[in-house]
Each structure stands twice: as structure tokens, then as C-alpha cells.
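Visitor: One structure, as C-alpha cells, below. Some questions next.
The values are calculated or read from the model by the stated rules, or taken from the named source; none is laboratory data. Remember, predicted model here, so these are calculated numbers, not experimental data. Note that each Cβ is placed from the backbone with ideal geometry, even for glycine, and that neighbours are counted across all protein chains shown.
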Amino acid sequence: MAKILDGNRIRDQIKQECKPRVEALAASKRPPGLAVILAGDDPASGIYVRSKIKACKDLGIESEHVAPPASVTTAELLAIIGELNARSDIDGILVQMPLPAQVDSKAALLAVDPLKDVDGFHPYNMGCLVTGRPGPRSCTPAGIIEVLKRYDIPMAGRRAVVVGRSDIVGKPMAFLLLHENATVTICHSKTPDLAAMCREADILVAAIGQPAMIGARHIREGATVIDVGMNRITDRAQVERIFRGSREKLEAFDRNGSVLVGDVDPAAMAERASAYTPVPGGVGPLTIAMLMLNTIQSAERRFGAC
Ligand code: NDP
């Protein structure tokens, strides 16, 4: 039977490990400080930001919610980021995506001081990742490496296939696996015969954004499957099909009007994989834990503690 890789358990471990580091910083200097910029009123982003601020509070990290209006211009946002860059009590700056359409997102990410870039999205830090230099790593892929390590899933010498090449998940995931000495293939929407590529994988990471797209024919028997996808489906027939008529899922759908599904067909994953991350409760919980870790590391670096 496939082993379920429990993201909530790993998140709790990481948070426990964070606590003494926050306490040590608070005792010797001051608690780490994170500024979260949420421009506009996108409801999903609002939920993410509240979760990040709550996680800070739980750990004793100071947080600040900066909330420019949805009409903010690129110049105004750059000025806000500039002020946060200059503040000595702020160790980490997070610009919540997506930004309002009129804002140049790339300019905003480039404006964050790389030393305070706790998302690891700045091109300087992406360069550090590629060249194996220290620096903050993109939270979701870094969390996945933690899961693989803490469940003793070997990476060195294994074939890893990452489906998806975004700057925030696919590309950093591929480089982190490469640094663990996996042999890595990156696939995307123009990859011919995706299923055959995926079947090569000892470790298959799906970061696509397409509900249950990866099925039994993509998964080699005994592979480890990491499902990054977080797709909210609002069509009852689709819920019925993906979850094979599961009463529990249909009841959840009837209560909430939607159900969360990953990029991998859940039944196929459970049948064919030797270990996998479920959705929800797999990769999702780790992203915020790694953000906390990046914020603490940023404070430690700025105080010369590491
Ligand atoms: P993007 O939309 O930025 O990237 C999706 C990638 O998937 C692209 O590289 C795209 O290829 C590829 N792709 C799309 N369709 C196909 C296809 N049919 N066959 C092969 N490849 C395909 O998404 P993100 O990387 O930001 O996110 C991916 C998923 O992970 C989403 O479901 C998102 O919600 C989730 N996510 C979850 C997080 C968590 O904390 N659990 C955090 C971040 C994301 P191409 O480049 O050719 O277009």
C-alpha cells in the first residue's frame, strides 16, 4: 500500500524547529520581521495572507500587513517596497501575487532587496540557486525537498521528472532536485508524449494547474509522486468523475460549492505510487512553513548569526 507523505506533520516539525531560533533572535536582538504586501482585494490572496500572518504570530515573528488599494500604480508600489527595503526592523518582504493588472509584477519582484526576498523569486536569488550558492529558496519546492528528506526518499542517482516550468515551482524544483544529485527532466505543455516521459520517473513532481491531469498511464509502478496542484473545481460531474463517486467528496462539494483537487488523479496515484503527497494535506502546508524558515534565516543572516 502506498505511503502517504503527510505535509501537516512535516510542517509541524519545521515550525517546532523554528521556535527556538525565533526565541534566540528575540533574546539577543529582536524578533524577525516580515512585511506582506497585498495590493487590492482578491479574496484568495486575502486568505493566503491571513494564513501567513497567523503563522508569524504563532511563532513570535513580527508581521506587518501592507495593503495598498487595487488602483496602486507600479511607481507607488515600488516606493512602498523601497521604504520596506530601508527599514532595519524588516527582514523579509513578500509581495503577494497576483498583483493588479496595471502593475508591472516583474518590476515589483526586482525591486525587493535580494537580502529580504523571502520568496526566493528575485533573479539574484534564482541565480544563487542555479549556481549552488546560499540564499533563500522558493518556498514550495524547498518544502518538497524537506518532505523527501524527512521521509528518507532517496534522490541521488534517481530519475526525477518535473512537469511544469514556472519560475516559482517547476524551475526551482528541478534545480533543487539536481543539487540533490537526481537526474532531472523538465516537461511542459510542448513536451511530446508526456506520459512516456513521466513513466521514466522514480520521483514525479506535477506542478501544472490542471485538475487530475496526470493519470495511471503517467505513473511508473512504485514511483514517488509529489502533487503540487491546487485546483478548485466547481463542477459536480467533474468531482464525481475524479473522485469515482466518493460520497465524502460529493458531500463536501454540496456543502462548500467546490472541492480542491491536485494535478494528479488521486485514485491512480494511490494505486500505482509507492509514496505520494495527498491534496489537501501534502505540499500545501509546507509553503508557509518554509516562508517562516526563510524569514528567520534572513534575520539570522542580517545579524551575522549564520
Ligand atoms: P503556472 O501556470 O505558472 O505553470 C504551469 C506549468 O504547467 C507551465 O510550465 C505549463 O507549461 C505546464 N503545463 C500546463 N499545461 C500542461 C500540459 N497539458 N502538459 C504539460 N505541461 C503543462 O503554474 P504554477 O507553477 O504557479 O502552479 C502549478 C500548480 O501548483 C497550480 O495548481 C498551483 O495552484 C499549484 N501551486 C501550489 C502551491 C502550494 O503551496 N501547494 C504553491 C504554488 C503553486 P508551459 O510553460 O509550456 O505553458
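Visitor: Give me the residue from the range 156-184 that is among the small types (Gly, Ala, Ser) and touching a strand residue (DSSP E or B) at 6+ places or on another chain (Cβ under 6 Å) and, out of that set, farthest from the ligand (Cβ to nearest atom).
Guide: Ala182
Visitor: Across the range 5-43, which residue is farthest from Ala67 (Cα to Cα) among those that are of a type in the set (Val, Ile, Thr) and either assigned by TED's automatic domain parsing to the domain that holds Ala79 or surrounded by fewer than 17 Cβ atoms within 10 Å (Cβ to Cβ) (or both)? Write out each step before concluding.
Guide: So the first thing to find is which residues in the range 5-43 are of a type in the set (Val, Ile, Thr), and the list is 10, 14, 22, 36-37.
Checking the rest, the ones that are also either assigned by TED's automatic domain parsing to the domain that holds Ala79 or surrounded by fewer than 17 Cβ atoms within 10 Å (Cβ to Cβ) (or both) come to 36-37.
Values: Val36: 8, Ile37: 6 Å.
Only one residue fits best here, namely Val36.
Visitor: For residues that are of a type in the set (A, V, I, L, M, F, W, C) and either part of a loop (DSSP other than H, G, I, E, B) or under 17 Å from the mean Cα position of the chain (by Cα) (or both), tally how many sit in the range 100-135.
Guide: Qualifying residue count, the range 100-135: 8.
Visitor: Is at least one residue of the range 175-191 under 25 Å from Thr287 (Cα atoms) and either modelled with pLDDT under 95 or of a type in the set (Phe, Trp, Tyr) (or both)?
Guide: Scanning the range 175-191, I find at least one residue that is under 25 Å from Thr287 (Cα atoms) and either modelled with pLDDT under 95 or of a type in the set (Phe, Trp, Tyr) (or both), so the answer is yes.
Visitor: Here's another thing I want to ask about it. State the number of residues belonging to the range 218-232 that are within 12 Å of the ligand (Cβ to nearest atom) and either among the hydroxyl-bearing types (Ser, Thr, Tyr) or free of Cβ contacts under 8 Å to residues at least 60 places away in the same chain (or both).
Guide: Residues meeting the conditions: 6.
Visitor: How about the range 233-263: which of its residues are without any contact (Cβ under 8 Å) to a residue 60 or more places away in the chain and within 16 Å of the ligand (Cβ to nearest atom)?
Guide: Once the filter is applied, which keeps residues that are without any contact (Cβ under 8 Å) to a residue 60 or more places away in the chain and within 16 Å of the ligand (Cβ to nearest atom), the range 233-263 yields Ile233, Thr234, Gln238, Ile242, Ser258, Val259, Leu260, Val261, Gly262.
Visitor: Can you pull out the residues in the range 115-155 that are of a type outside the set (A, V, I, L, M), within 16 Å of the ligand (Cβ to nearest atom) and over 24 Å from Asp91 (Cα atoms)? Can you show your working first?
Guide: Keep residues of the range 115-155 that are of a type outside the set (A, V, I, L, M), which gives 116-117, 119-125, 127-128, 131-141, 143, 146, 149-152, 154.
From what's left, within 16 Å of the ligand (Cβ to nearest atom): 119-121, 136-141, 143, 146.
Of everything in the range 115-155, nothing turns out to be of a type outside the set (A, V, I, L, M), within 16 Å of the ligand (Cβ to nearest atom) and over 24 Å from Asp91 (Cα atoms).
Visitor: Which one of Arg150, Arg133 is farther than 13 Å from Ile168 by Cα, in contact (Cβ under 8 Å) with a residue 60 or more places away in the chain and surrounded by fewer than 16 Cβ atoms within 10 Å (Cβ to Cβ)? Full working, then the answer.
Guide: On the way: Arg133 fails: in contact (Cβ under 8 Å) with a residue 60 or more places away in the chain.
Within the list Arg150, Arg133, the selection yields Arg150.
Residue-by-condition table, conditions (1) crowded, with 23+ Cβ neighbours inside 10 Å; (2) near the ligand (Cβ under 10 Å from one of its atoms); (3) over 27 Å from Val259 (Cα atoms):
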site: Ile186; (1), (2), (3): no, yes, yes
site: Thr191; (1), (2), (3): no, yes, yes
site: Ala196; (1), (2), (3): no, no, yes
site: Ile203; (1), (2), (3): yes, no, no
site: Ala206; (1), (2), (3): yes, yes, no
site: Ala212; (1), (2), (3): yes, no, no
site: Ala216; (1), (2), (3): no, no, no
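Visitor: Restricting the first residue to the range 60-89 and requiring it to be farther than 13 Å from Pro100 by Cα, which pairs with a second residue that is assigned to a loop (DSSP other than H, G, I, E, B) and among the β-branched types (Val, Ile, Thr) meet a Cβ separation below 6 Å and a spacing of at least six or different chains?
Guide: Correct list of pairs: Ile81/Val112; Leu84/Ile90.
Visitor: Please state which of the following conditions Gly282 fails to meet, knowing it meets all the rest: (1) in a helix (DSSP H, G or I); (2) within 16 Å of the ligand (Cβ to nearest atom).
Guide: Going through the list (1) in a helix (DSSP H, G or I); (2) within 16 Å of the ligand (Cβ to nearest atom), Gly282 breaks only (1).
Visitor: Being closer than 19 Å to Arg272 by Cα, outside any loop (DSSP other than H, G, I, E, B) and either without any contact (Cβ under 8 Å) to a residue 12 or more places away in the chain or small (Gly, Ala, Ser) (or both): is that true of Ala196 here?
Guide: yes
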